[in-house]
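What follows draws every value from the coordinates through simple rules; no lab data is involved. If you're wondering where the values come from, they're calculated on a predicted model, not measured in any experiment. So basically every Cβ, Gly included, is an ideal-geometry build from the backbone, and we count neighbours across all protein chains shown.
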Amino acid sequence: MPSFSRPFLLLPILAALLVLPASQASALPALFDFGDGPVQTGWVGVTTTGLAATSEGIQLSILPLGNPLGARDRGAQNGGGDENDMWRDFFFIGTEDESIPPADRGFDITLSGLVADATYDVTLWAFDYPSVNAGVFGPPRNGDWNGEILNFGSTSNTAPESLDEYTLTIRVVADATGTALVQGRSANGPTIASPFLNGLRVDVAAVPEPTTALLMGLGLLALATRRRSA
Ligand SMILES: [Ca+2]
Ligand SMILES: [Ca+2]
């Protein structure tokens, strides 16, 4: 049994403790509820008049692109369980000008007030009961968010009962000014309104900081070196 010196054993433990997101001062998550209906308790409303809001020190602004911004409030029709006031209302991009390519229609969402160069998880929710069940414009409703697809696309879709449904989490990295861009685009044909957006959450991503990864690497290297020389 090789004997390790205590400082070498402590290094990886100290490094593991530093993985905690201590660099984020505000109390994330930031929670944004899109639409002009009632604002979900504990969330911050983003309405068609302002298109901007601040939650937990994170500023969000949303810019509609390619076609007019639409907003609806479906009341209890959209389900939503404890978060019904988030689910019931939403923004979407209409189809008034079908000559604009779907890939040029959507939202640019700017998040600022982030920690420079830090990594975040952005979670999105999108659902509209009449859009999948009325059959007038037809499903699916695909949104492309920084290259990943969020859809509620089938006539068999039922209204959500929790935040686990009709959701997508993407990872973004803030730039040197503490800003990150989330680009939502239509991933549907020219006659179908999309993307939709009911709510958005910003969390600190649970990934090691570069300095932490370096410390962990050094600690493991020290252990390996000790083991080999023992
Ligand atoms: Ca709402
Ligand atoms: Ca909403």
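Once backbone amide H atoms are built at 1.01 Å from N, residue 161 has 80 as its partners under 5 Å, excluding neighbours fewer than 5 places away on the same chain. Working ranking of peptides 37-46, 85-94, 217-226, 179-188 by packing, defined as the average number of other Cβ atoms within 10 Å per residue, highest first, is 85-94, 179-188, 37-46, 217-226. Per-residue 3J(HN,Hα) values for the range 31-43, derived from phi via the Karplus relation 6.51 cos²θ - 1.76 cosθ + 1.60 with θ = phi - 60°, read 10, 10, 10, 8, x, 9, x, x, 8, 4, 4, x, 10 Hz in sequence order (x marks Gly and Pro).
Only beta bridges with both residues in the range 21-207 are counted; by DSSP, about 95 percent of them are antiparallel.
One chain, two ends: residue 108 and residue 65. Fully extended at 0.36 nm per residue, the span grows by 14.7 nm beyond their Cα-Cα distance. Using the empirical formula 2.2 N^0.38 Å as the baseline, the Cα radius of gyration of the range 21-207 reaches a ratio of 0.98. Database remark: amide H of residue 105 closer than 5 angstrom to the amide H of 186 (H placed geometrically; neighbours at sequence offset of 5 or more, or on other chains; Pro and chain starts carry no H).
In this simple spin-label model, placing a label point 7 Å from the Cα along the Cα-to-Cβ direction at both residue 206 and residue 171 gives a separation of 1.3 nm.
The string of couplings for the range 94-109 from the Karplus curve (6.51, -1.76, 1.60, θ = phi - 60°) is x, 10, 4, 10, 7, 6, 6, x, x, 5, 9, 10, x, 10, 9, 10 Hz, one whole number per residue in order, with x for Gly and Pro.
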